[in-house]
Amino acid sequence: MALTAEDFRQHYESLSDDALLEIHADELTAVAGECLAAEMERRGLLEAEPEPAADAAATEVDPDAAVEELTCVAEYDYPDEADLARGLLEAAEIPATVDHEPNNWKLMVPAEFANQALQMLVTPLTDEELAAQAEAAGWEDEPDEEDADEEAEEPAE
């Protein structure tokens with residue numbers, strides 16, 4: 001499946017500011033990197049540097065807070081695949097992150113969501129489910145150029 005610039009734009013639009021900032025632009029394809037930069041610029045994330053005081057507050061740890069154990073539910077060879085899988089899980093309200101090691105991207109979820117995440121990633125969707133998700137995401141059922149060319153070549157009966 002070839003991803004288009006529009007696919008990347010829609011994916012990055014669906015992410016939170018924090019999720020966008022976690023993406024390592026140097027690991028993306030040229031098209032994905034351009035789309036990421038455009039979305040970050042649109043949101044004003046490129047020019048805003050965090051204040052040192054805000055940064056210190058963000059790193060403070062609540063001693064009473066339990067450390068959440070993360071579990072790897074999938075590994076990918078390409079960052080775009082991992083980001084799309086993360087987006088799928090986040091759309092289902094399953095918190096997910098991507099950890100990067102050389103030539104390996106691990107999709108991590110809290111242990112309590114591991115089974116649900118695995119089910120989502122391995123269960124094929126029906127045509128109706130795909131159509132419902134596409135509709136919910138704002139995609140319209142438009143024929144691609146190849147289909148339109150084929151229809152134009154068919155003689156009317």
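See the values below:
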item	result
The listed residue being over 21 Å from Ala25 (Cβ atoms) and either touching a Ser or Thr at 6+ places or on another chain (Cβ under 7 Å) or at pLDDT 85 or above (or both), out of Ala148, Ala152, Ala82, Ala74	Ala74
Unique residue being modelled with pLDDT under 90 and surrounded by fewer than 15 Cβ atoms within 10 Å (Cβ to Cβ) when the list is Glu135, Glu90	Glu135
Of all residues making up segment 85-113, the number that are closer than 24 Å to His24 by Cβ and in a helix (DSSP H, G or I)	8
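The values are calculated or read from the model by the stated rules, or taken from the named source; none is laboratory data. Quick caveat, the model's predicted, so the values are computed rather than measured. Note: ideal-geometry Cβ built from the backbone for every residue, glycine included; neighbour counts use all protein chains shown.
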